[in-house]
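Structure first, then comments.
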Amino acid sequence: MADVSLDHGLVLAAILFAIGFAGLLTRRNLIVVLACIEIMLNAAGLAFVAAGARWGQADGQVMFLFVLAMAAAEVAVGLAIAIRFRQSLKSLDVDDADEMKG
Amino acid sequence: MTALFYIAAVVAVLSTLMVVTRTNLVHALLYLVVSLFAVAVVFYTLGAPFVAALEVIVYAGAIMMLFLFAVMLLNVGADSPLRIPSWAWVGPGILVAVLLAEVVYGITRQTQPLAGAEVGPAAVSEALYGPYVLGVELASMLLLAALIGARHVAARARDEEEAREAATHRGAAAGEASPERDAGVPGAARGSETGVTGQGGEA
């Protein structure tokens, strides 16, 4: 039973990660792209928690806390960049930012 | 508890698919909240109640609040109205009702977690402030850096906005003084626009 929970937890994490990755590649709205990155980080955390639960250790949950802190930092900076993006390019389409200048 | 795990997993996959496929931004964010709730129920069935609570509080609470503020600040309401039609609540409502039934069942029946023993908050805290204390310090530095970085990026946006407004005022003043010269007002497309409208008003 314990192995079933680990395997199926990892499969669920892989499915969620794949959906988030597909959305990241196909969607062009900057906010939705950030949401897809959140989905992928959440799936990675789910894999940590499933593995930690398999052996009854707290390490998986500790790693999930670090993933959580990183996701919060990422989304704060990402949404600040989204506001700048909207102000300078007048859109939220990531394809509009196809040239770099300082 | 096995059935609870699979039902929550199906809800998580369905709602995440809806996040990726919705064209309306507010609908996608609604489904993202449902997806995070479903993953929280999965954590609960795996015997990790502490991170299940954190998932609801931090992900579905704080991070989704940030997304909401961004949607409000960016004024996306022009193409996706913030007033959500009543049929849009049906999908997330059904999925959340399934999750709520699961949580009520799990709490009242005192079910056993899937993977043997439950790892509670006390064990997590001992590990966090024992061998992982360096990671806690690094996470605090990361959050501080993100705070300063977000403030810096947003403050530059505000400075540019003020500079643009000042240029607009200068351009308007120059346009009132001598309309012929405002083509030479430097660097302000909006300034020349206001100059043009000023000219039109005079004409």
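Can you tell me which condition A:ALA18 does not meet? The list is (1) within 8 Å of chain B (Cβ to nearest Cβ); (2) out of contact with any Gly (no Cβ under 6 Å at 6 or more places or on another chain); (3) modelled with pLDDT of 90 or more, and all the others hold.
(1)
Collect the residues in segment A:31-60 that are over 23 Å from B:LEU46 (Cβ atoms) and more than 9 Å from every other protein chain (Cβ to nearest Cβ), keeping them in residue-number order. Reasoning before the result, please.
Just the residues of segment A:31-60 that are over 23 Å from B:LEU46 (Cβ atoms), to begin with: A:31-37.
A:VAL33, A:ILE37 - these are the residues of segment A:31-60 that are over 23 Å from B:LEU46 (Cβ atoms) and more than 9 Å from every other protein chain (Cβ to nearest Cβ).
Check whether at least one residue in segment A:84-94 is more than 8 Å from chain B (Cβ to nearest Cβ), without any contact (Cβ under 8 Å) to a residue 60 or more places away in the chain and either touching a Ser or Thr at 6+ places or on another chain (Cβ under 6 Å) or not in a helix (DSSP H, G or I) (or both), and report yes or no.
Yes, segment A:84-94 contains at least one residue that is more than 8 Å from chain B (Cβ to nearest Cβ), without any contact (Cβ under 8 Å) to a residue 60 or more places away in the chain and either touching a Ser or Thr at 6+ places or on another chain (Cβ under 6 Å) or not in a helix (DSSP H, G or I) (or both).
Which number in (1) touching a residue at least 24 places away in the same chain (Cβ under 8 Å); (2) within 7 Å of chain A (Cβ to nearest Cβ); (3) aliphatic (A, V, I, L, M); (4) in contact with a Leu (Cβ under 6 Å, 6 or more places away or on another chain) marks the one condition that B:VAL11 misses?
Answer for B:VAL11: the failing condition is (2).
Among the residues of segment B:46-53, are any on the phi > 0 side of the Ramachandran plot and touching a Pro at 6+ places or on another chain (Cβ under 8 Å)? It would help to see each step written out before you state the result.
Quick first cut of segment B:46-53, residues on the phi > 0 side of the Ramachandran plot only: B:47.
From what is left, the residues that are touching a Pro at 6+ places or on another chain (Cβ under 8 Å) are B:47.
Within segment B:46-53, one or more residues are on the phi > 0 side of the Ramachandran plot and touching a Pro at 6+ places or on another chain (Cβ under 8 Å).
Can you find even one residue in segment B:151-174 that is outside any helix (DSSP H, G or I) and either outside the structural domain of B:ALA40 (by TED's automatic domain parsing) or modelled with pLDDT of 80 or more (or both)?
Filtering segment B:151-174 for residues outside any helix (DSSP H, G or I) gives none.
No, segment B:151-174 contains no residue that is outside any helix (DSSP H, G or I) and either outside the structural domain of B:ALA40 (by TED's automatic domain parsing) or modelled with pLDDT of 80 or more (or both).
Assigned to a helix (DSSP H, G or I) and within 17 Å of B:PRO49 (Cβ to Cβ) - does that describe any residue in segment A:40-47?
Yes, there is a match, as at least one residue in segment A:40-47 is assigned to a helix (DSSP H, G or I) and within 17 Å of B:PRO49 (Cβ to Cβ).
Give me a count of the residues in segment B:1-30 that are outside any helix (DSSP H, G or I) and closer than 20 Å to A:ASN29 by Cα. Spell out how you get there, then give the answer.
Applying the first criterion (outside any helix (DSSP H, G or I)) to segment B:1-30 yields B:1, B:22-24.
This time we only want the ones that are closer than 20 Å to A:ASN29 by Cα, so: B:22-24.
Counting residues in segment B:1-30 that are outside any helix (DSSP H, G or I) and closer than 20 Å to A:ASN29 by Cα gives 3.
Out of curiosity, is B:ALA48 touching an Asp or Glu at 6+ places or on another chain (Cβ under 7 Å) and among the small types (Gly, Ala, Ser)? Spell out the reasoning first.
Values: touching an Asp or Glu at 6+ places or on another chain (Cβ under 7 Å): no; among the small types (Gly, Ala, Ser): yes.
No: the conditions fail for B:ALA48.
The values are calculated or read from the model by the stated rules, or taken from the named source; none is laboratory data. Because the structure is predicted, anything quoted here is derived from the model rather than measured. Cβ: placed from backbone, ideal geometry, glycine included. Neighbour counts: every protein chain shown.
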